[in-house]
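J.: Below is a structure I'd like to ask you about.
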Number of protein chains: 2
Amino acid sequence: MTRSMQRVAEAVASDPAACAALTVTGLAELTGTSEATVVRTARLLGYPGYRDLRLALAGLAAHQQSGRAPAVTADIAVDDPLPDVVAKLAYDEQQTLADTAAGLDMVQLSAAVGALAGARRTDVYGVGASGLVAQDLTQKLLRIGLIAQAHSDPHLAVTNAVQLRAKDVAVAITHSGSTGDVIEPLRVAFDHGATTIAITGRPDGPVSQYADLVLTTSTARESELRPAAMSSRTSQLLVVDCLFIGVAQRTYESAAPALSASYEALAHRHRSGGPSR
Amino acid sequence: MTRSMQRVAEAVASDPAACAALTVTGLAELTGTSEATVVRTARLLGYPGYRDLRLALAGLAAHQQSGRAPAVTADIAVDDPLPDVVAKLAYDEQQTLADTAAGLDMVQLSAAVGALAGARRTDVYGVGASGLVAQDLTQKLLRIGLIAQAHSDPHLAVTNAVQLRAKDVAVAITHSGSTGDVIEPLRVAFDHGATTIAITGRPDGPVSQYADLVLTTSTARESELRPAAMSSRTSQLLVVDCLFIGVAQRTYESAAPALSASYEALAHRHRSGGPSR
DNA sequence: GATGAGGTGAAGGAAATTTTCGCGCGAAGG
DNA sequence: CCTTCGCGCGAAAATTTCCTTCACCTCATC
């Protein structure tokens, strides 16, 4: 890519919306080049001509705008009106989901699914906010007929971890990657030959030391009003959901009946007075 | 708007993407009209000319497409490869978040925030998957120095609900809106004069009967492999987050120190060996 | 310093868009 | 029933925008 072309490409990249409003001549003037160069650049970018680049730009601009609009300012302030808070939160969590999905290592995930699907039993460790995620994973696994248990009590967790052996799986969930109460039972499980999985936002943290498989969650920025627990939870839950679906797929034969069985069992707990289901 | 113009407008409305790819002449031919009519229609729609309408159309198309693209097929199938599962899940949850944010009644939310911020104590009821959300809300409220408790045991919940009175708040979380185990304690709380809040996907369900305030979560479609619990949880958590931030804002004076205090207290639970924080 | 291989822009040609203008259809009035 | 008028409509001209060609200029290489 030549110098003039770079200038054009730069202008296009830096402000697609503005460029979409410009004609070839306009963009050429803006970048101090000629119309020919603009067209050449468009070609280089993979479009048949400037017209199409312009259309694509309009689309891109619409995208960005839609993405930005709710995040007027990225951070939530103390004096934000409630509608803004809702919009920002929703946007942030969406972003977190996208980041997490993009950053997930499919190989590790696949291996983790395989381990869980074939496990004799599974222990899940998590304390604090991650404890809820641990429970969520456990609930899900139980629903498809697997044997799983969540531990938030570090002592009991270690006591149980001692029982694990090969073919068993231990999962540690910690955002910081350095929560001692979670690392300890994972270490014990690791030492006893179980397959160990870490779900953490810091794949380079101490927890990974004892993890055969590491699933990375997104480490979105936090702010005073928005502690890390919030976005890490969203991210962790997505990973858990992925694990669950993956395992359910692999064990479909047994998972499907188990799912409907648990569903049936709950039906009578819902008052008949309400709208069906 | 004249007949020919209607035809053009219709074509544009029914398939923006296709029209964006068309030239004036093309669109005129497609709609069986003339170029002049197309331009006139564009003017009528508020654009200076067809060129600008087309750009707008491209933007619109990009929007729509972005909504669709990742959802290659909306449902997760048993034989979906893992990367697809991840993408679909992330997309679905993002969609759920957007729906929830869009559907939240700000008046109700604002009132709920006010009630929570001024509550003497808060009880939260939830069983099953919603139980985790209830715990999440409780954890958050506790972190900013409020008195809150989650109940998943229906008997204990009712026993506790009896203690509630005016100025107290009871929150029921149920996706179906008809979970007896959650409705019952809410009813008791309601009868004792507490402010009752329901977080449910069925605002017309029985639970709303005893709720002063109803916060509606999104009721995304579920599928065999993706039980309702999954998307309802995402939605519920967003509502909880909104409540939390709202309350934290209103009680900022006391919430801020409480937040940092709880943070400090946890610091030593993280091994120093890892990367900081 | 000569030579050649691109990068670059000016100008002309093609295609798009916009405007103009007149035709024809239907409604209202004689 | 006929005339007249208004107006929607489209063909074609006018204009703008976009694309192509070609000649010039720059810079690296020998």
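J.: Find the residue count for segment A:87-132, including only residues that are within 20 Å of B:LYS88 (Cβ to Cβ) and among the aliphatic types (A, V, I, L, M).
T.: 13
J.: From B:ALA20, B:ALA28, B:ALA9, grab the single residue that is buried (at least 19 other Cβ atoms within 10 Å of the Cβ) and within 39 Å of the chain's Cα centre (by Cα).
T.: Details: B:ALA28 fails: within 39 Å of the chain's Cα centre (by Cα); B:ALA9 fails: buried (at least 19 other Cβ atoms within 10 Å of the Cβ).
Result: B:ALA20 is the single residue among B:ALA20, B:ALA28, B:ALA9 that is buried (at least 19 other Cβ atoms within 10 Å of the Cβ) and within 39 Å of the chain's Cα centre (by Cα).
J.: I need a count of the residues in segment A:1-11 that are within 12 Å of DNA strand D (Cβ to nearest atom) and of a type in the set (Lys, Arg).
T.: Selection size over segment A:1-11: 1.
J.: For B:THR122, are the conditions met, namely being at the interface with chain A (Cβ under 10 Å from one of its Cβ atoms), crowded, with 22+ Cβ neighbours inside 10 Å and either under 29 Å from A:LEU82 (Cα atoms) or of a type in the set (S, T, N, Q) (or both)?
T.: Details: at the interface with chain A (Cβ under 10 Å from one of its Cβ atoms): no; crowded, with 22+ Cβ neighbours inside 10 Å: yes; either under 29 Å from A:LEU82 (Cα atoms) or of a type in the set (S, T, N, Q) (or both): yes.
Answer is no for this residue.
J.: Let me spell it out: the conditions are (1) aromatic (Phe, Trp, Tyr); (2) under 24 Å from the mean Cα position of the chain (by Cα); (3) farther than 23 Å from B:GLN135 by Cα, and A:PHE190 meets all of them except one. Which number is the exception?
T.: Checking A:PHE190 against (1) aromatic (Phe, Trp, Tyr); (2) under 24 Å from the mean Cα position of the chain (by Cα); (3) farther than 23 Å from B:GLN135 by Cα, the one that fails is (2).
J.: Something else now. Hey, could you check segment A:180-204 for residues that are in contact with a Lys or Arg (Cβ under 8 Å, 6 or more places away or on another chain) and under 18 Å from A:ASP153 (Cα atoms) and say which is modelled with the lowest pLDDT?
T.: Out of the qualifying residues, it is A:GLY180.
J.: Can you tell me how many residues within segment A:20-56 are within 13 Å of another protein chain (Cβ to nearest Cβ) and away from DNA strand D (no atom under 11 Å from the Cβ)?
T.: 1
J.: Residue under question is B:SER14, and the condition is that it be within 14 Å of DNA strand D (Cβ to nearest atom) and either under 30 Å from A:GLU253 (Cβ atoms) or of a type in the set (Ser, Thr, Tyr) (or both); does it hold?
T.: no
J.: What helices (runs of 4 or more DSSP H) completely inside segment B:1-105 contain at least 2 residues that are under 30 Å from B:THR219 (Cβ atoms) and more than 16 Å from DNA strand C (Cβ to nearest atom)? Walk me through how you get there before you give the answer.
T.: Details: elements: B:3-14, B:16-20, B:24-31, B:35-44, B:50-68, B:82-103.
Once the helices (runs of 4 or more DSSP H) in segment B:1-105 are filtered for at least 2 residues that are under 30 Å from B:THR219 (Cβ atoms) and more than 16 Å from DNA strand C (Cβ to nearest atom), what remains is B:3-14, B:50-68, B:82-103.
J.: Next question. On the given criteria, is A:ALA134 assigned to a helix (DSSP H, G or I) and either touching a helix residue (DSSP H, G or I) at 6+ places or on another chain (Cβ under 9 Å) or in the same structural domain as A:ALA211 (by TED's automatic domain parsing) (or both)?
T.: Against the criterion (assigned to a helix (DSSP H, G or I) and either touching a helix residue (DSSP H, G or I) at 6+ places or on another chain (Cβ under 9 Å) or in the same structural domain as A:ALA211 (by TED's automatic domain parsing) (or both)), A:ALA134 qualifies.
J.: Taking the conditions exactly as written (modelled with pLDDT of 90 or more, among the polar types (S, T, N, Q) and surrounded by fewer than 21 Cβ atoms within 10 Å (Cβ to Cβ)), does A:GLN139 satisfy them or not?
T.: Criteria met by A:GLN139.
J.: May I pose another question? One residue is enough: does segment A:63-73 have a residue meeting the conditions crowded, with 22+ Cβ neighbours inside 10 Å and not assigned by TED's automatic domain parsing to the domain that holds A:GLN139?
T.: Residues of segment A:63-73 that are crowded, with 22+ Cβ neighbours inside 10 Å, as a first pass: none.
Among the residues of segment A:63-73, not one is crowded, with 22+ Cβ neighbours inside 10 Å and not assigned by TED's automatic domain parsing to the domain that holds A:GLN139, which makes the answer no.
J.: Name every residue in segment A:151-178 that is of a type in the set (A, V, I, L, M) and under 17 Å from A:THR195 (Cβ atoms), in order of residue number. Break it down into steps so the answer makes sense when it comes.
T.: Step one: filter segment A:151-178 for residues of a type in the set (A, V, I, L, M), giving A:156-158, A:161-162, A:164, A:166, A:169-173.
Scanning segment A:151-178 gives A:ALA157, A:ALA161, A:VAL162, A:LEU164, A:ALA166, A:VAL169, A:ALA170, A:VAL171, A:ALA172, A:ILE173.
The values are calculated or read from the model by the stated rules, or taken from the named source; none is laboratory data. It should be emphasised that the depicted structure is a prediction, and the values quoted were computed from it without experimental measurement. Positions of Cβ are backbone-derived with ideal geometry, glycine not excepted, and every protein chain shown enters the neighbour counts.
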